[in-house]
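Worksheet for the structure shown next.
The values are calculated or read from the model by the stated rules, or taken from the named source; none is laboratory data. Not measured: the values here are computed from a predicted model. Because the Cβ atoms are built from the backbone with ideal geometry, glycine has one as well, and the counts that use them run over all protein chains shown.
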Amino acid sequence: MTAVRYTVTAEAAGAVLAALRRCDGQLTWNQARRLMHELRLGVNGIVCIDEGRRVQAGDVLEVRQRPFPPVPGDEDVRILWLDALVVVAAKPAGMLSVRHPGDRDWSEERKRQQPSLEESLGRLIRRREGGSGAVERRGGRPSGARTQRCLAAPGGVAATDSGLLAVHRIDRETSGILVFARTEESQQFLIHQFAAHTVLRRYLCVVPGQMSMQTLRSRQVRDRGDGLRGSTDDQSVEGLDMVTHVKPLRRFEGYTELECRLETGRTNQIRIQLSELGYPLCGDVKYRGPFGGAVVEDTSVAPGLALHAAELGFRHPGTKEQLSWQLPWPSGMLRWLDRLSRGQ
């Protein structure tokens, strides 16, 4: 797909249209707005339709000849499990997990233009529960579940409509499974599991080249020198540890499908570690190689970021059962993988 990309510098950072004009000095305000209205402007591979969107150093602005896929909405979200304590959902690529706190005072109209998963789930849950306050388990039966009973929140009080509490996040560009808590007690119970690294988090991704089974260990740094997060093997450097267990699943001509099991869950962890090894994810416009090294061109024609949160497992805060959910690649990625398998 023909596109022009600009990496935002510290000098160009700010409101998205202003940043675009700083990157392309020939572009007028009307031309920049037209690109946005025609769905031809993207940020980090995802369509941007909000003139108030702010971009940072390291973000990638993309101008396409053809429109981006439409913005995902409530109809693209699936609830996999719902009870009084937790909701497990499938997030489509292109949707924020949770809206930034500084953007929560936006108008409802502006929020609906590009909703977060949290907001979509709030509306879907209200529809499902009919506004009656009754809470029951709904959705598919996860592996490990042995009960069909309804679960009541502590003290018999159901979570409010706005009571979804974040436990973890996945990148806007990534599809897959997330859990939200519906009570503060449940949130803390789940957060402790994430902190103890007992939560099962299995991702699928596709990279160029042929990778072997290995464990990636490094330390995250907030700015590797170009505004992007990065990593280092120097344990004396201040930063958060990142540990990812990588296993090849399928090998194609020039590509490998990987399973990545997270031991830690830092922002952009898989993307950073694989990119800095020289294996940037297919469809990733942001991380294309190690800092200071050669850019690895992406010729995969992936329909988006080839990263998917395929499995999530944790102990339920109410029943204490170990539950897990699995989700296959989205349909567009499956079609692309089929073409890779046939060497196309």
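Starting from residues that are over 17 Å from residue 172 (Cβ atoms) and small (Gly, Ala, Ser), keep the ones in the range 73-122 and report whichever is nearest to the chain's Cα centre (by Cα).
Among them, the one singled out is 122.
Out of (1) at pLDDT 95 or above; (2) out of contact with any Gly (no Cβ under 8 Å at 6 or more places or on another chain), the odd one out for residue 264 is which?
Every listed condition holds for residue 264 apart from (1).
Collect the residues in the range 307-344 that are among the small types (Gly, Ala, Ser) and surrounded by 18 or more Cβ atoms within 10 Å (Cβ to Cβ), keeping them in residue-number order.
Once the filter is applied, which keeps residues that are among the small types (Gly, Ala, Ser) and surrounded by 18 or more Cβ atoms within 10 Å (Cβ to Cβ), the range 307-344 yields 309, 310, 313, 318.
I'd like the full set of residues that are free of Cβ contacts under 8 Å to residues at least 60 places away in the same chain and either buried (at least 20 other Cβ atoms within 10 Å of the Cβ) or not in a loop (DSSP other than H, G, I, E, B) (or both), limited to the range 277-306.
Listed by number, the list holds a single entry, 287.
Any residue in the range 1-22 that is touching a residue at least 60 places away in the same chain (Cβ under 8 Å) and among the basic types (Lys, Arg) sitting within a Cβ distance under 7 Å of a residue that is in a strand (DSSP E or B) and surrounded by 14 or more Cβ atoms within 10 Å (Cβ to Cβ)? List the pairs, counting only those 6 or more apart or interchain.
5/60; 5/61; 5/62
Looking at the range 42-98 only, could you name the residues that are under 19 Å from residue 305 (Cβ atoms) and in contact with a Cys (Cβ under 8 Å, 6 or more places away or on another chain)?
42, 61
Would you confirm whether any residue within the range 322-340 is outside any strand (DSSP E or B), in contact with a helix residue (DSSP H, G or I) (Cβ under 6 Å, 6 or more places away or on another chain) and among the aromatic types (Phe, Trp, Tyr)?
Within the range 322-340, not a single residue is outside any strand (DSSP E or B), in contact with a helix residue (DSSP H, G or I) (Cβ under 6 Å, 6 or more places away or on another chain) and among the aromatic types (Phe, Trp, Tyr).
Out of the range 189-198, which residues are of a type in the set (A, V, I, L, M) and either assigned by TED's automatic domain parsing to the domain that holds residue 282 or without any contact (Cβ under 8 Å) to a residue 12 or more places away in the chain (or both)?
Across the range 189-198, the qualifying residues are 195, 196.
Among the residues of the range 228-270, write down those that are over 16 Å from the mean Cα position of the chain (by Cα) and closer than 18 Å to residue 286 by Cβ.
Correct list: 228, 230, 231, 242, 244.
Filter the range 192-223 for residues that are assigned to a loop (DSSP other than H, G, I, E, B) and either under 16 Å from residue 279 (Cα atoms) or in contact with a Pro (Cβ under 9 Å, 6 or more places away or on another chain) (or both) and give the result.
Across the range 192-223, the qualifying residues are 209, 210, 211, 212, 213.
Being under 24 Å from residue 253 (Cα atoms), assigned to a helix (DSSP H, G or I), of a type in the set (Lys, Arg) and touching a Leu at 6+ places or on another chain (Cβ under 7 Å) is the requirement here; does residue 271 meet it?
Spelling it out, residue 271 is indeed under 24 Å from residue 253 (Cα atoms), assigned to a helix (DSSP H, G or I), of a type in the set (Lys, Arg) and touching a Leu at 6+ places or on another chain (Cβ under 7 Å).
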